[in-house]
Amino acid sequence: LEESLLYTAGRLVAVWPSRFKSIADARPFARNPEAFANKVYGGRMGNDLPGDGWNFRGRGLKQLTGRSNYVAYMLDSGLDCVTDPDLILMSEHAADSAAWCWKTNACNRLADSGDVRALTLKINGGLTGCAARLDATRRALAALKA
């Protein structure tokens, strides 16, 4: 229900190559979740204040991330998850925030059409992990048909 952010330096370079060009660049952020979150999430997704990257890291079943997403969810749900982001860790809010994100981003149409690539872009903003997600989708669909 909460983004781990416990990466080794090598994994940081592999997953975040635009942010970490070398092991030396990544070393200060390796196994340092707060510093890492502030580095990669700070200054974007509505994270404008010091510490926002850490405060608004991924939480919930969909991994709601970024101050702007927390604010939008708060305005729609009435849950003050901006003042207390850890509210998203509670099972009912973890599920509700995921459903809200799914609906808000019109994900059902993409899922129903089987467009895993477009769905990955919609949810993650990039294609990291898309090959594994495609494989998992194929296996799940095969199991459901069995």
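The values are calculated or read from the model by the stated rules, or taken from the named source; none is laboratory data. Predicted, not measured: the structure shown is a model, and the values here were computed from it. Please note: Cβ atoms are built from the backbone with ideal geometry, for glycine as well, and neighbour counts cover all protein chains shown. For the accessible areas, the whole protein counts, side chains as well, though only heavy atoms, and no ligand, DNA or RNA atoms are used. Shrake-Rupley method; radii C 1.70, N 1.55, O 1.52, S 1.80 Å.
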Being open to solvent by less than 60 Å² (accessible area, probe 1.4 Å) and touching a Ser or Thr at 6+ places or on another chain (Cβ under 8 Å) is the filter here; which residues of the stretch 30-44 pass it? 30, 33, 41
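Pick from 10, 43, 53: which is modelled with pLDDT of 95 or more and not in a helix (DSSP H, G or I)?
On the way: 10 fails: not in a helix (DSSP H, G or I); 53 fails: not in a helix (DSSP H, G or I).
Selected residue: 43, the only one of 10, 43, 53 that is modelled with pLDDT of 95 or more and not in a helix (DSSP H, G or I).
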Which condition from (1) open to solvent by 20 Å² or more (accessible area, probe 1.4 Å); (2) in contact with a strand residue (DSSP E or B) (Cβ under 9 Å, 6 or more places away or on another chain); (3) farther than 20 Å from residue 34 by Cα; (4) not β-branched (Val, Ile, Thr) is the one that residue 94 breaks? (1)
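If we scan the stretch 13-23, do we find a residue that is among the small types (Gly, Ala, Ser), crowded, with 18+ Cβ neighbours inside 10 Å and either modelled with pLDDT of 95 or more or at negative phi (or both)? Don't jump to the end; show me each part of the working.
First pass over the stretch 13-23, keeping only residues among the small types (Gly, Ala, Ser): 14, 18, 22.
Narrowing further to those that are crowded, with 18+ Cβ neighbours inside 10 Å: none.
Checked the stretch 13-23: no residue is among the small types (Gly, Ala, Ser), crowded, with 18+ Cβ neighbours inside 10 Å and either modelled with pLDDT of 95 or more or at negative phi (or both).
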Of the candidates 27, 57, the one satisfying the condition of being open to solvent by 70 Å² or more (accessible area, probe 1.4 Å) and in contact (Cβ under 8 Å) with a residue 12 or more places away in the chain is 27
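Among the candidates 76, 48, which residue alone is surrounded by fewer than 20 Cβ atoms within 10 Å (Cβ to Cβ), not in a helix (DSSP H, G or I) and not basic (Lys, Arg)?
48
Look through 127, 144, 110 and report the one residue that is assigned to a loop (DSSP other than H, G, I, E, B) and either without any contact (Cβ under 8 Å) to a residue 12 or more places away in the chain or closer than 19 Å to residue 61 by Cα (or both).
Working: 144 fails: assigned to a loop (DSSP other than H, G, I, E, B); 110 fails: assigned to a loop (DSSP other than H, G, I, E, B).
Step by step, each of 127, 144, 110 is checked, and only 127 is assigned to a loop (DSSP other than H, G, I, E, B) and either without any contact (Cβ under 8 Å) to a residue 12 or more places away in the chain or closer than 19 Å to residue 61 by Cα (or both).
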Residue that is nearest to residue 41 (Cα to Cα) [pool: residues in the stretch 106-130 that are modelled with pLDDT of 90 or more and open to solvent by 80 Å² or more (accessible area, probe 1.4 Å)]: 117
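Do we find that residue 97 is among the polar types (S, T, N, Q) and without any contact (Cβ under 8 Å) to a residue 24 or more places away in the chain in this structure?
Details: among the polar types (S, T, N, Q): yes; without any contact (Cβ under 8 Å) to a residue 24 or more places away in the chain: no.
So residue 97 does not fit the description; no.
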